[in-house]
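The structure under discussion appears below in the form of structure tokens.
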Amino acid sequence: FAKKKNIDFIYFGELDKLAHKYGTNSIKVKKAIEKIDRKISEMRFDIIFSDHGMINVSKIISVPITSDCFIDSDMARYWGKEEELKEIKEKLPLESGKILDWENKKYGQLIFMAKTGTLIFPNFWEKKPSKAMHGYDGKHKDMKAFYIIKELGDKKNLKVNELHRIIKNKIYQ
């Protein structure tokens, strides 16, 4: 879209950072939302959207760290020989997550995803545990992204392709 029209993007990144650090119900997050709300109320816009939701961390778990792994906040990916992977799988806290069956082994031969609200720590991103996280499987209502369309009509719960069509129509008008 941006190649065809002059589009302005504004990123409100402070909210994500604050929620990770203090949790979604903190006074700092609420004040940041109020500040963003005031900014938005003064702006002219066609659409505002998020790329994900956020949920408070309710449990912290650890997973095996090996010489050939990558540990995210909510996902652990492992590569190795079949016997090594079997040993790792036996040590994973399966009551707090599940093994994903991805065909493309480029992202991991063994992939463990934590349940929504569960944080893997230690991980390769954080020096101390976050109080809220995103990136889970997306089925929880608090993980849903949101959008605001400033146009008349009753538009609720649009699918991505419907939202794409609206954006495309606005840009190419």
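The values are calculated or read from the model by the stated rules, or taken from the named source; none is laboratory data. Just so it is clear, the model here is predicted, and its values are computed rather than measured. Positions of Cβ are backbone-derived with ideal geometry, glycine not excepted, and every protein chain shown enters the neighbour counts. All accessible areas refer to the heavy atoms of the entire protein, side chains included, with ligands and DNA or RNA removed. Shrake-Rupley method; radii C 1.70, N 1.55, O 1.52, S 1.80 Å.
Summary table below
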| quantity | calculated |
| --- | --- |
| With 5 Å bins from 0: P(r) over segment 19-64, alpha-carbon pairs, percent | 5, 15, 19, 22, 16, 11, 5, 4, 3, 1 |
| Solvent exposure of the chain as accessible area per residue, Å², 1.4 Å probe | 72 |
| Range of Cα positions in segment 41-166 per principal axis (Å), largest first | 59, 32, 23 |
| Lys, Arg +1 and Asp, Glu -1 on Cβ, resulting dipole of segment 1-114 about Cα centre, debye, nearest 20 | 600 |
| Loop-located chymotrypsin sites (Phe, Trp or Tyr not before Pro) in segment 1-94 whose Cβ has at most 10 other Cβ within 10 Å (DSSP) | 9, 11 |
| DSSP bridge pairs, the chain: antiparallel proportion in percent, nearest 5 | 85 |
| Proximal lysine pairs, segment 1-73, alpha carbons under 26 Å, eight or more residues apart or interchain | 18 |
| Separation in nanometres of the label points that stand 7 Å from Cα toward Cβ, at residue 145 and residue 99 | 3.1 |
| Accessible area in the full protein assembly, largest first, 1.4 Å probe, for 99, 27 | 27, 99 |
| Solvent-accessible area of residue 107 with every protein chain in place, 1.4 Å probe, in Å² to the nearest 10 | 100 |
| Segment 93-140: C-alpha pair distances exceeding 18 Å, % | 38 |
| Over the chain: helical MRE at 222 nm, DSSP H runs n ≥ 4 each giving -39500 (n - 2.57), nearest 500 | -8000 deg cm²/dmol |
| Accessible heavy-atom area order of 68, 16, highest first, probe of 1.4 Å | 68, 16 |
| Packing rank of 58-64, 140-146, where each peptide gets the mean count of other beta carbons within 10 Å, highest leading | 58-64, 140-146 |
| Accessible area (Å², 1.4 Å probe, nearest 10) - residue 100 | 40 |
| Under-5 Å amide H pairs with residue 97, H placed in peptide plane, nonlocal only | 115 |
| Shape metrics for segment 30-114, restricted to C-alpha atoms - Rg then Dmax, Å | 19.3, 60 |
